Amino acid sequence: MSGLSIWIFAQQRHGAISSGAFEQIAVARALADSTGGTVTAILFGHSVGDQAAQLVGRGADHAIIADDPALASFVDDQYAELLSRWIASDKPDLVMGSATMYGRA
């Protein structure tokens, strides 16, 4: 493995990033460090733009924030469409999500 590009789907609820997102970042960070890779956290929601600093502060190299009123409530098709479009465009090596209702959807 060399230079893995790892993305994590960071969940939030009512504007607070889940503890599981930070756990994913820690795992992804260890794997990325062992390969010379990068960690990107993806966060959807509304009024969450200021949370990029939290994700980077906890170990992500980058944060992609989709901040829009239409994303305030979890709608699996809408989130999946955006995420799949970004994955197809940027082609990360690994995408991680939690084994929660949101992550499994």
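List of remarks:
- Single match in Asp61, Asp68, Asp90, Asp76 (criterion: more than 22 Å from Leu4 (Cα to Cα) and modelled with pLDDT of 85 or more): Asp68
- Qualifying position, being out of contact with any Ser or Thr (no Cβ under 8 Å at 6 or more places or on another chain), open to solvent by 70 Å² or more (accessible area, probe 1.4 Å), without any contact (Cβ under 8 Å) to a residue 40 or more places away in the chain and of a type in the set (A, V, I, L, M, F, W, C), among Ala53, Ala16: Ala53
- Selection within the range 58-91: residues that are of a type in the set (Val, Ile, Thr) and free of Cβ contacts under 8 Å to residues at least 24 places away in the same chain. The member of this set that is surrounded by the most Cβ atoms within 10 Å (Cβ to Cβ) is Ile65.
- Against the test of being within 11 Å of Ile6 (Cα to Cα) and not hydroxyl-bearing (Ser, Thr, Tyr), the options Val56, Val27 yield a single qualifying residue, Val27.
Okay, residues lined up against (1) open to solvent by less than 30 Å² (accessible area, probe 1.4 Å); (2) modelled with pLDDT under 95; (3) not in a helix (DSSP H, G or I):
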site	(1), (2), (3)
Met1	no, yes, yes
Ile6	yes, no, yes
Phe9	yes, yes, yes
Gly20	yes, yes, no
Val27	no, no, no
Ala32	yes, no, no
Thr40	yes, no, yes
Leu43	yes, yes, yes
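The values are calculated or read from the model by the stated rules, or taken from the named source; none is laboratory data. Computed from a predicted model, the values in this text were never measured in an experiment. Note: ideal-geometry Cβ built from the backbone for every residue, glycine included; neighbour counts use all protein chains shown. Only protein heavy atoms, including side chains, enter the accessible area calculation; ligands, DNA and RNA are left aside. Shrake-Rupley method; radii C 1.70, N 1.55, O 1.52, S 1.80 Å.
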